[in-house]
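Q: One structure follows; several queries about it will come next.
The values are calculated or read from the model by the stated rules, or taken from the named source; none is laboratory data. Worth saying up front: this structure is predicted, and the values here are computed from it rather than measured. Glycine also receives a Cβ, built like all others from the backbone with ideal geometry; neighbour counts cover every protein chain displayed. Side chains are part of the model used for accessible areas, which takes the heavy atoms of the whole protein and leaves out ligands, DNA and RNA. Shrake-Rupley method; radii C 1.70, N 1.55, O 1.52, S 1.80 Å.
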Amino acid sequence: MSEAGFASEAASAADPREELAELVASTRALIEWYESVGASDVLVDGSAESALAPLIPGARAAAPRGAAPMPAFAAPAPAPTFAALVAVPAPDVVVARAATPQFVAPSFATPSFATPAAPQRAPAAAFADAAIAVAAPAARPALPAPVVAAAFDPERAAIAAESDDRRTHLAVLAGEARACTRCVLHTTRKQAVFARGNPFAELVFVGEGPGAGEDAQGLPFVGPSGQLLDKMILGMGYHPDDVYICNIVKCRPPENRKPEPTEMAMCSPFVTQQLALIKPKVIVALGATAVQGLLPNVTEGITRMRGKWKVYGKQLTPVMPTFHPAYLLRSPDAKRDVWNDLKAVMEKLGKPLRKG
Ligand code: SF4
């Protein structure tokens, strides 16, 4: 997870109301995306409630950071009613209405929301329990097995070492980008924008370059394009923190112009090393510049090549070219094409979405 991701997770763990407010906002974003592409049938049972599946804390706990993301829409039931989540603006009232135990994350067990303690049994009842225990021990639940110290597992240790190694390498690369002066873009940037998301993601999104908001915040896709990208990611059944998002060039081109070929070439070692470390199963290239940055020999326009699989690098990683979210903001009709491309991506990942 990105540092920002850790920070937000820590904050939400501290305040369940913030966590719930984020959940409601994410659900709204997800449903907006489905409505915009006319894909309401993706929702299980045709109901908006099932859109919560990728966002329910219990469900996400099944796919911890560093592991493969959860399958799309896995195990949604039982979910709280959508009306109860979105109709009431005050998160504490929402909590009162969300009666489903699965939905209430463990961190919600604060004194104010805690389940009332079980009533004390009278001494006579306790004696009766003891009598049952003696008379019919088989009827009592078995005692847990004694705890033994976990044996050293070299395979797990190797994975942990690799995990630390990857984070370290990416952190070093990010530092190099921040200090980089290889091309002229360093003269006008506020800061280099390296990436956000999960370094162990199976799915990577590559865009063109940072805009003004990204240049100011130091994170990619944080403006209106980024909000739309997050909706697309939610629509695929992922949380934005579960995928990895970066750009071809790490510094903002002035006036948001396209990066020059020389600038892309100078910056390409960064994205090459990012992808070599992350080893995604699929890459989504957002816009023609992203495709050309990854595959310099490709000269087609994005309209012709979107939706057609390409391959990247020695590992022959599948690349899906599609429109950049900024283009979708100007041409909303193209969202349906992008949705079809994203469904093809999910199919490639073995997690097909319903047709819609
Ligand atoms: Fe360096 Fe890339 Fe920034 Fe150019 S765009 S200065 S190559 S990090």
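Q: Is it the case that the stretch 171-186 has a residue that's within 10 Å of the ligand (Cβ to nearest atom), closer than 27 Å to Ile302 by Cβ, open to solvent by 50 Å² or more (accessible area, probe 1.4 Å) and over 24 Å from the mean Cα position of the chain (by Cα)?
A: yes
Q: Is it fair to say Met236 is in contact (Cβ under 8 Å) with a residue 12 or more places away in the chain and within 10 Å of the ligand (Cβ to nearest atom)? Steps first, please.
A: On the way: in contact (Cβ under 8 Å) with a residue 12 or more places away in the chain: yes; within 10 Å of the ligand (Cβ to nearest atom): no.
Here the answer is no, as Met236 does not meet what is asked.
Q: Quick check on the stretch 241-267: of everything there that is closer than 18 Å to Tyr327 by Cα, away from the ligand (no atom under 12 Å from the Cβ) and touching a residue at least 12 places away in the same chain (Cβ under 8 Å), which residue is most open to solvent (accessible area, probe 1.4 Å)?
A: That would be Lys258.
Q: Given the criterion among the acidic types (Asp, Glu), modelled with pLDDT of 95 or more, touching a Phe, Trp or Tyr at 6+ places or on another chain (Cβ under 8 Å) and open to solvent by 40 Å² or more (accessible area, probe 1.4 Å), identify the matching residue among Asp333, Asp337. Let's see the steps before the verdict.
A: Values: Asp333 fails: touching a Phe, Trp or Tyr at 6+ places or on another chain (Cβ under 8 Å).
Selected residue: Asp337, the only one of Asp333, Asp337 that is among the acidic types (Asp, Glu), modelled with pLDDT of 95 or more, touching a Phe, Trp or Tyr at 6+ places or on another chain (Cβ under 8 Å) and open to solvent by 40 Å² or more (accessible area, probe 1.4 Å).
Q: Something else now. Just one of the numbered conditions (1) over 24 Å from the mean Cα position of the chain (by Cα); (2) on the phi < 0 side of the Ramachandran plot; (3) of a type in the set (D, E, K, R) is not true of Glu255; which one?
A: Glu255 satisfies all of (1) over 24 Å from the mean Cα position of the chain (by Cα); (2) on the phi < 0 side of the Ramachandran plot; (3) of a type in the set (D, E, K, R) except (2).
Q: A further question follows. Does Val282 satisfy the condition of being crowded, with 24+ Cβ neighbours inside 10 Å and more than 19 Å from Leu30 (Cβ to Cβ)? Reasoning before the result, please.
A: Numbers: crowded, with 24+ Cβ neighbours inside 10 Å: no; more than 19 Å from Leu30 (Cβ to Cβ): yes.
No.
Q: Considering only the stretch 193-214, state which residues are buried (at least 19 other Cβ atoms within 10 Å of the Cβ) and either more than 22 Å from the chain's Cα centre (by Cα) or part of a helix (DSSP H, G or I) (or both).
A: Glu214, the sole residue that qualifies.
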